[in-house]
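Quick notes on the structure that follows.
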Amino acid sequence: MSTRQEFLPYALPLIEEDDIAGVVDSLKSGWIAKGPKTMEFEQRFAEYVGAKYAVALNSCTAALHLALVAAGIGEGDEVLTTPMTFASSANVVVHTGAKPVFIDIDPVTMNIDTKKIREKISSRTKAIIPVHIAGHPCEMDEILAIAEEHNLFVLEDAAHAVYTQYKGKLIGSIGNATAFSFYATKNMVTGEGGMVTTNDEELYNKIRVMSTHGMSRNAWNRYAEAGSWYYEILSPGYKDNMSDIMAGLGLSQLAKLERMQGMRQEIADHYNTEFRKLPELEVPVELDYARHAWHLYIIKLNLDKLSIDRKKFIEELKVENIGTSVHFIPLHMHPYYRDTYGYKPEDFPVAKGVFERIISLPLYPKMSWQDVNDVEDAVKRVIERSRR
């Protein structure tokens, strides 16, 4: 018999009346493509994270790609990153013509292992993409020191890290550029959508122009009364901009981000309290220098204490009507990266070993306390049935 009668999805966005009103206001305004709300969203988000500039885009993938292109990354270059991430972190490197070079992860935080970065730097290395997995920041001081030493562009993948702090400073104003995601499962949502922030004015101007076909900067309002029909194509750009419909939702989500984060923190604290009692599990860490955004709650199974593997554990949770996910299947184990670059699973043993043990449990503001208790009870019941 399952803990729940109804299936609990792994993730759901918190959409309230203010969010609906923000979208409706955009629709009524007549600006449904890029317009004044997009510009306002950029300004408010930049102010929130403490960056000088922000460009709202249609995805975090677009933010990563445009930042690399604006930084001059291209054919023959190499970009360092982690295999423990979503495909876009490395796909965008391939899109520029450069080669992604993977570095194994820290077994505790699952972020890039800074002790292994230097050994992967070559004469072709031009950038590094640290990924703040689950919302726990990477060790940025060490990464920035290495980058300065080798003249590397630092592009932070903060798809999970809205609200994350490193040594008291919000992620978004530390590296040369930072890419955020507002996808439907993220800590704040615009449906699809993303943002790139930077303190570099030249980089900002390049990204802004490239995000709308390479058109001159003010071309977005060419149909408004104060606009002009005349524009110039300054570069062969892309169609990556955000719309005012998305920005209307983004503004309302940003306004209540702190409240939603408080709810995430409460759930994570409750999970930690209950799951620390179980020797069959390892709970996520929050190191002294970090403020965790708790985008994901990733447990690690101590498989030597269980009679089942991770796959079976997930199946058992599904029987209990609890949705889960796995973050992530390491990129070097996927067919494209395996076949193109000749990677073997054991090339990054920490990432491979961690992957075989991890499960992401539901954690989002829309959960009720009954939902939280049901997740905890289901995990305990599976463990009781499979304890060695």
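From the set of residues in the stretch 45-72 that are open to solvent by 30 Å² or more (accessible area, probe 1.4 Å) and not aromatic (Phe, Trp, Tyr), which is nearest to Ala255 (Cα to Cα)? Once the filter is applied, the top-ranked residue is Glu47. Please note which strands (runs of 3 or more DSSP E) are completely contained in the stretch 78-188 and include at least 2 residues that are among the charged types (D, E, K, R). Here the list reads 153-158.
For Trp229, work out the one condition from (1) among the hydrophobic types (A, V, I, L, M, F, W, C); (2) touching a residue at least 40 places away in the same chain (Cβ under 8 Å); (3) surrounded by fewer than 14 Cβ atoms within 10 Å (Cβ to Cβ) it doesn't fulfil. So the condition that Trp229 fails would be (2).
Results for (1) crowded, with 21+ Cβ neighbours inside 10 Å; (2) basic (Lys, Arg); (3) under 14 Å from the mean Cα position of the chain (by Cα), shown as yes or no for each residue.
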| position | (1), (2), (3) |
| --- | --- |
| Ile133 | yes, no, yes |
| Asp141 | no, no, no |
| Lys169 | no, yes, no |
| Asn176 | no, no, no |
| Asn187 | yes, no, yes |
| Glu192 | no, no, yes |
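When restricted to residues that are assigned to a helix (DSSP H, G or I), over 22 Å from His213 (Cα atoms) and either without any contact (Cβ under 8 Å) to a residue 24 or more places away in the chain or not hydroxyl-bearing (Ser, Thr, Tyr) (or both), the stretch 1-55 contains 16.
Pairs linking a residue in the stretch 154-176 that is closer than 16 Å to Ala62 by Cα to a residue that is polar (S, T, N, Q) and open to solvent by 20 Å² or more (accessible area, probe 1.4 Å), with Cβ atoms under 8 Å and 6 or more positions apart or on different chains, are Leu155/Asn176. Restricting attention to the stretch 214-231 and to residues that are under 29 Å from Val24 (Cβ atoms) and part of a loop (DSSP other than H, G, I, E, B), the residue that is modelled with the highest pLDDT turns out to be Gly227.
Restricting Glu119, Glu75, Glu42 to those that are over 26 Å from Val354 (Cβ atoms), surrounded by fewer than 18 Cβ atoms within 10 Å (Cβ to Cβ) and not aliphatic (A, V, I, L, M) reduces the list to Glu75.
The residue that is farthest from Tyr163 (Cα to Cα), among those in the stretch 263-274 that are under 19 Å from the mean Cα position of the chain (by Cα) and open to solvent by less than 30 Å² (accessible area, probe 1.4 Å), is Ala268.
Identify the residue in the stretch 279-326 that is outside any loop (DSSP other than H, G, I, E, B) and small (Gly, Ala, Ser) and, among all such residues, is surrounded by the fewest Cβ atoms within 10 Å (Cβ to Cβ). Per the criteria, the residue is Ser325.
The residues of the stretch 56-77 that are outside any loop (DSSP other than H, G, I, E, B) and polar (S, T, N, Q) amount to a single one, Thr61. Candidates are the residues of the stretch 17-39 that are more than 23 Å from the chain's Cα centre (by Cα) and under 23 Å from Gln261 (Cα atoms); the one that is most open to solvent (accessible area, probe 1.4 Å) is Glu17.
Of everything in the stretch 232-262 that is of a type outside the set (S, T, N, Q) and in a strand (DSSP E or B), the residue that is surrounded by the fewest Cβ atoms within 10 Å (Cβ to Cβ) is Lys239. In the stretch 327-342, the residue that is nearest to Asp371 (Cα to Cα) out of those that are assigned to a helix (DSSP H, G or I) and in contact with a helix residue (DSSP H, G or I) (Cβ under 8 Å, 6 or more places away or on another chain) is Leu331. In the stretch 323-335, the residues that are more than 20 Å from Leu80 (Cβ to Cβ) and of a type in the set (Val, Ile, Thr) reach residues that are open to solvent by less than 10 Å² (accessible area, probe 1.4 Å) and outside any helix (DSSP H, G or I) with C-beta atoms within less than 7 angstrom, at least six apart or across chains, in these pairs: Thr324/Ile359; Thr324/Ser360; Thr324/Leu361; Val326/Ile358; Val326/Ile359; Val326/Ser360.
The values are calculated or read from the model by the stated rules, or taken from the named source; none is laboratory data. The shown structure was predicted, so the numbers you read here are calculated from the model rather than taken from an experiment. So basically every Cβ, Gly included, is an ideal-geometry build from the backbone, and we count neighbours across all protein chains shown. Accessible surface areas use protein heavy atoms only, side chains included; no ligands, DNA or RNA. Shrake-Rupley method; radii C 1.70, N 1.55, O 1.52, S 1.80 Å.
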